[in-house]
Amino acid sequence: MGNAQSPQTNSRFITASRAFTQNELEDLKSLFFSLAAQSNSSGKFVSPSVFESFFGLRGPLGERLFDLVTQKRKDQKLTYEDLVIVKGTYEKGTNEEIEEFIYQLLDVSDDGALGRSDLESVLVEILSHVFSSTNNETGFDSHQDAVQIFIRAATFSENDERFTYEDFKHWCTLLPSVRKFLGSLLMPPEVGRPGCQVPRLVYGENIDSHLVLLKKEYGWHIGGALPQHELEEWRLLYHSSINGLSFTTFLGNITRTCSNDGGPTVLIVKDKEGYIYGGYASQAWERHGDFYGDLKSFLFQLYPKASIYKPTGANNNLQWCAVNFSSDSIPNGIGFGGRANHFGLFVSASFDQGHTFTCTTFGSPCLSKTNRVELEVIECWGVGGEEKGSGSHNNNGVKGSVLERFKEDRNMLKMVGLANSSE
């Protein structure tokens with residue numbers, strides 16, 4: 001079938017075939033014959049245009065993928081054997097084989113020296129594909145600003161020019177959405193290709209979209225570290241320009257309206273240096289005298305560069321939410337990672353200042369230009385699920401009566417010394 005194959009190719013085909021069940025091979029055969037029919041090749045091969053159209057890829061990235069799939073023969077003919085071999089490597093191979101394939105894929109200039117221009121070309125195509133069905137209401141100029149924030153996450157070796165395999169692997173950990181997209185290119189787009197999901201951002205019609213920090217490109221970036229069911233709809237719960245710089249209002253809004261029974265939220269801040277960053281809180285913002293949370297939480301940067309920092313497992317100091325404590329060892333406010341008074345990210349209860357330090361909890365650097373920051377905008381989004389009613393919660397976001405809260409405060413203060421000594 002198709003072009004004559006070398007003994008080496010036939011050997012690779014036999015090996016790759018073993019990675020599939022008989023039913024999977026029959027499905028691949030059906031797909032190949034369908035695409036070959038569209039290519040008018042009498043069932044012998046698939047043409048580049050049909051391949052790129054079916055998989056929804058255009059330009060340098062689509063051309064580079066076709067070249068790799070056809071084993072760089074340059075004959076413009078994709079055979080059934082080619083399809084099985086690449087699927088066996090790219091989808092059924094070891095993680096190292098898949099990473100190596102993606103690394104080669106990024107070299108769209110095919111000069112053997114992966115560099116900045118290659119990454120820019122790939123990112124332009126990724127963003128164009130992901131946002132092809134949306135208009136450019138985010139304020140980004142044809143995604144060029146977004147391309148640059150993702151490029152800034154990359155580390156280039158050899159005089160800031162060459163992007164090595166190790167550089168690539170580190171870049172993928174910082175940009176999981178990019179990695180998801182590049183790892184699923186041979187999936188038909190209509191089946192919900194990983195890396196293409198963009199949460200629908202919901203906020204009041206009276207809110208000027210230019211006030212909102214969370215652009216669609218940012219949502220796509222953050223969503224790369226989240227499961228599918230949390231990528232459908234994100235609802236704006238609090239915005240400091242609209243609700244005021246008030247910790248009480250923040251907690252009240254989150255408690256009354258947060259999705260999934262006070263479930264996960266995305267906190268985003270912009271400081272007076274222009275840096276934008278934040279954290280994903282997997283659990284509700286509820287008052288505690290110590291750290292709580294789980295390993296689903298993470299920190300992120302959005303501007304001037306985009307990065308995600310997941311828990312390293314070094315400790316369990318994940319979320320922090322302290323309200324109305326009078327002890328210096330329990331700073332009032334919300335935060336992520338690190339330790340009290342030295343967080344990976346902290347927003348004080350005054351809601352106008354905070355800090356960000358290098359943090360072993362998430363393996364994250366200082367997220368801003370300086371450790372101590374003055375905050376300009378704070379916003380919080382409810383992630384996934386339906387909006388809750390407001391009937392069962394108080395407006396100030398702290399559960400229980402005043403007497404119950406006072407009693408809880410006293411008990412917590414008595415315990416905190418013991419809690420701190422056990423760290």
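The values are calculated or read from the model by the stated rules, or taken from the named source; none is laboratory data. For clarity, every value in this text was computed on a predicted model and none was experimentally measured. Neighbour counts are summed over all protein chains in view; Cβ atoms, including those assigned to glycine, are modelled from backbone coordinates with ideal geometry. Ligands, DNA and RNA are excluded from the accessible area calculation, which covers all protein heavy atoms including side chains. Shrake-Rupley method; radii C 1.70, N 1.55, O 1.52, S 1.80 Å.
When the surface is traced with a 1.4 Å probe over the full set of protein chains, CYS380 keeps roughly 0 Å² accessible. Separation of the stretch 144-188 from the stretch 287-320 is 22 Å, based on Cα centroids. So which of LYS216/LYS270; LYS44/LYS77; LYS180/LYS310; LYS272/LYS296; LYS215/LYS310; LYS272/LYS369 end up more than 19 Å apart, counting from Cα to Cα? Pairs exceeding 19 Å: LYS272/LYS296; LYS215/LYS310. Peptide packing for 18-27, 60-69 was compared via the average number of neighbouring C-beta atoms within 10 Å per residue; ordered from the highest value, the list is 60-69, 18-27. The loop-placed trypsin sites (Lys or Arg not before Pro) in the stretch 250-346, going by DSSP, include none that has at most 11 neighbouring Cβ atoms within 10 Å of its Cβ. Could you run the Karplus curve 6.51 cos²θ - 1.76 cosθ + 1.60 with θ = phi - 60° over the stretch 305-315 and give me ³J(HN,Hα) per residue in whole Hz, x for Gly and Pro? For the stretch 305-315, the Karplus-derived couplings read 9, 10, 8, 10, 10, 8, x, 8, x, 5, 7 Hz, x marking Gly and Pro.
With a cut-off of 20 Å on the backbone N, the residues of the stretch 156-179 near the modelled label site 7 Å out from GLU97 along Cα-Cβ are 169.
Efficiency by 1/(1 + (r/R0)^6): what FRET value for ASN10 and ALA113, r their Cβ-Cβ distance, R0 = 45 Å, to the nearest 0.05? Computed FRET efficiency for ASN10 and ALA113: 0.90.
Per residue, the stretch 181-245 exposes 42 Å² of accessible surface when a 1.4 Å probe is rolled over the protein heavy atoms with every protein chain present. Per residue, the average separation of C-alpha pairs within less than 8 Å and at least 6 apart gives the stretch 243-352 a relative contact order of 20 percent. With R₀ set to 60 Å, the beta-carbon distance separating SER329 from SER30 gives a calculated FRET efficiency near 0.35. The charge dipole of the stretch 270-359, taken about its Cα centre with unit charges on the Cβ of Lys, Arg, Asp and Glu (plus for the first two, minus for the last two), comes to roughly 260 debye. Summing Cβ point charges (Lys, Arg +1; Asp, Glu -1) relative to the Cα centre of the stretch 175-268 gives a dipole of roughly 220 debye.
Backbone geometry of the stretch 211-225 corresponds, through the Karplus equation with coefficients 6.51, -1.76 and 1.60 at θ = phi - 60°, to 3J(HN,Hα) couplings of 7, 7, 6, 7, 6, 4, 5, 5, x, 4, 4, 4, x, x, 9 Hz, x marking Gly and Pro. Highest-first packing order for the peptide set 350-362, 237-249 is 350-362, 237-249, based on the mean count of other beta carbon atoms within 10 Å. A simple rule links phi to the HN-Hα coupling: the Karplus curve 6.51 cos²θ - 1.76 cosθ + 1.60 with θ = phi - 60°, which for the stretch 109-126 gives 7, 6, 10, x, 10, 5, x, 4, 5, 4, 4, 4, 4, 5, 5, 4, 5, 4 Hz, with x for Gly and Pro. Placing R0 at 22 angstrom, the Cβ-Cβ distance between ASP352 and HIS229 gives a FRET efficiency of 0.05 after rounding to 0.05.
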